[in-house]
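The values are calculated or read from the model by the stated rules, or taken from the named source; none is laboratory data. Predicted, not measured: the structure shown is a model, and the values here were computed from it. Note: ideal-geometry Cβ built from the backbone for every residue, glycine included; neighbour counts use all protein chains shown. In case anyone asks, the SASA skips ligands and DNA or RNA and just uses the protein heavy atoms, side chains included. Shrake-Rupley method; radii C 1.70, N 1.55, O 1.52, S 1.80 Å.
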Amino acid sequence: RPPRFHAWGAGFAKALEALGACLFDYVTEIKTIEEDPEFARTFDVEGDDAHKFVFRFVDELLYRFTGESVACRTVSVNLRRAGPGGYAATVSTTGEKFDLTKHPQGTEVKAMTYSEMQIHGLEKEADGGNGKVDLFVIVDI
């Protein structure tokens with residue numbers, strides 16, 4: 001059975017940040033990653049609905065790791081739009097170049113999947129609340 005990540009936070013943005021930390025702690029030990037300003041990145045993510053948005057969010061983080069060889073220590077999410085009109089955020093990451101002599105090899109993640117993706121608690125946030133949001137995603141290894 002493929003790995004299932006469960007991340008949560010006080011609101012959608014914090015849950016996404018926790019999901020980013022979960023991903024990088026799975027591919028290496030996040031505590032070994034330092035914050036080198038040279039590898040800080042900012043990018044935008046959009047999705048027509050919450051599931052597409054979460055998929056694209058994780059996919060962008062995977063690109064940082066597999067495409068740019070950057071291991072992220074922190075992931076910060078600034079939601080610009082959330083709701084029936086779609087989702088949009090500016091994401092900022094800090095980290096450093098992945099180096100096997102410094103960073104333990106975790107499990108390689110090949111891709112994000114839609115399989116069994118679950119998002120709980122968004123409806124409370126949409127009603128003006130800031131309750132707990134839970135994210136469940138499965139990745140392909």
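When residues in the stretch 28-39 are screened for being open to solvent by less than 10 Å² (accessible area, probe 1.4 Å) and among the hydrophobic types (A, V, I, L, M, F, W, C), 1 of them pass.
For the stretch 109-123, filtered to residues that are aliphatic (A, V, I, L, M) and assigned to a strand (DSSP E or B), the residue that is least open to solvent (accessible area, probe 1.4 Å) is M112.
Here D25 meets the list (1) part of a helix (DSSP H, G or I); (2) surrounded by 14 or more Cβ atoms within 10 Å (Cβ to Cβ); (3) out of contact with any helix residue (DSSP H, G or I) (no Cβ under 9 Å at 6 or more places or on another chain) almost entirely, failing just condition (3).
Within the stretch 40-60, the residues that satisfy the criterion of being without any contact (Cβ under 8 Å) to a residue 60 or more places away in the chain, part of a helix (DSSP H, G or I) and open to solvent by 30 Å² or more (accessible area, probe 1.4 Å) are K52, R56, D59, E60. The number of residues in the stretch 13-42 being among the charged types (D, E, K, R) and within 17 Å of V91 (Cβ to Cβ) comes to 4. The C-beta contact set for the stretch 93-120 (first residue on the phi < 0 side of the Ramachandran plot, second residue of a type in the set (S, T, N, Q) and open to solvent by less than 90 Å² (accessible area, probe 1.4 Å), distance under 6 angstrom, 6+ apart or interchain) comprises T94/T74; K97/S69; F98/S69; H103/T28; H103/T32; P104/T28; G106/T28.
All told, F12 meets the bar of being modelled with pLDDT under 95, surrounded by 20 or more Cβ atoms within 10 Å (Cβ to Cβ) and either polar (S, T, N, Q) or closer than 30 Å to G131 by Cβ (or both).
Considering L19, L79, the condition of being under 18 Å from A111 (Cβ atoms) and not β-branched (V, I, T) is satisfied by L19 alone. Only residues that are within 14 Å of A21 (Cβ to Cβ), assigned to a helix (DSSP H, G or I) and open to solvent by 30 Å² or more (accessible area, probe 1.4 Å) were counted in the stretch 61-93, giving 1.
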